[in-house]
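Here the structure is laid out as structure tokens; the discussion comes afterwards.
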């Protein structure tokens, strides 16, 4: 009998397919996120808007980005999340670079799309000035009175909270959210971070969210002005470090408490069973 040929698994079933998911998830994130910033920054003279537009806009953007690719790649859509998971041994290091590249490319393409969609509003706001005059639509920046240390701390703490809370939300021992509501809850986490830590820098809390659009603006006329030496590295380094710290704090403290409580309950149940058997 002739042996039956075994078909090779599709390339889409592995890291390449997962990276495609990260690309589109991050693109959706930035399209909605920077899209709401464009509405906030470019149309203030025409439509009354406030900080609620930014906070809830970004929260919804994160939720939708996660829904797009949650079942494909785990919906990291943030290099800080990918890095924190890898640090804790919950994600293979060989996939980190492909995920990072896909996330940055997704953010870059989203910036291109928004640039084309809002071309008229951008030109109106610039009135002949350099494109970096509306750079805040695409990437973050610290307020003039917020120094390097304050900006770094803001991004560090915001991302530590984000990643630590993501670890808590998806932890099966820690009252897990029922149904497919994790993206919604994580979206509300981003809303809370925006309200509490958003105004110092614009809360990137995501290296791809800042670097991809910043790179795009530098290529369409911003040049080196899009990369101020005292800031551009902060929304890259601070979220990576902060996310890793937030994840470790949860895993090494709160998750250990949950493990200890579970072990205690299991031991008590075992003792109760043993006593019942002895009584028989």
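FYI, it's all coordinate maths here, none of it is from the lab. Everything numeric here is computed off the predicted structure, so don't read it as measured data. Virtual Cβ from ideal backbone geometry, glycine too; neighbours counted across all protein chains shown.
Counting only helices (runs of 4 or more DSSP H) that sit completely within segment 20-126, those holding 2 or more residues that are in contact (Cβ under 8 Å) with a residue 24 or more places away in the chain and more than 22 Å from residue 242 (Cβ to Cβ) correspond to 51-73, 96-117, 119-126. Please indicate, with yes or no, whether at least one residue in segment 127-142 is under 30 Å from residue 244 (Cβ atoms), surrounded by fewer than 22 Cβ atoms within 10 Å (Cβ to Cβ), touching a helix residue (DSSP H, G or I) at 6+ places or on another chain (Cβ under 8 Å) and free of Cβ contacts under 8 Å to residues at least 60 places away in the same chain. No, the conditions are met nowhere in segment 127-142. Here segment 227-274 is the region considered, the condition is being outside any helix (DSSP H, G or I) and touching a residue at least 12 places away in the same chain (Cβ under 8 Å), and the residue that is surrounded by the fewest Cβ atoms within 10 Å (Cβ to Cβ) is 230. Remark: residue 77 matches the filter, which requires a residue to be within 14 Å of residue 210 (Cβ to Cβ) and either surrounded by fewer than 21 Cβ atoms within 10 Å (Cβ to Cβ) or touching a helix residue (DSSP H, G or I) at 6+ places or on another chain (Cβ under 6 Å) (or both).
Does residue 150 qualify as being touching a residue at least 24 places away in the same chain (Cβ under 8 Å) and either surrounded by fewer than 16 Cβ atoms within 10 Å (Cβ to Cβ) or out of contact with any strand residue (DSSP E or B) (no Cβ under 7 Å at 6 or more places or on another chain) (or both)? Considered against the rule, which asks whether it is touching a residue at least 24 places away in the same chain (Cβ under 8 Å) and either surrounded by fewer than 16 Cβ atoms within 10 Å (Cβ to Cβ) or out of contact with any strand residue (DSSP E or B) (no Cβ under 7 Å at 6 or more places or on another chain) (or both), residue 150 comes out as yes.
Going by the structure shown, is residue 224 free of Cβ contacts under 8 Å to residues at least 12 places away in the same chain, assigned to a helix (DSSP H, G or I) and buried (at least 18 other Cβ atoms within 10 Å of the Cβ)? No, not satisfied.
For segment 196-221, the tally of residues that are within 14 Å of residue 58 (Cβ to Cβ) and surrounded by fewer than 16 Cβ atoms within 10 Å (Cβ to Cβ) stands at 2. Being within 22 Å of the chain's Cα centre (by Cα) and more than 26 Å from residue 162 (Cα to Cα) holds for only one residue in 236, 249, 217, and it is 217.
Scanning segment 185-195 turns up no residue that is over 27 Å from residue 151 (Cα atoms) and not in a loop (DSSP other than H, G, I, E, B).
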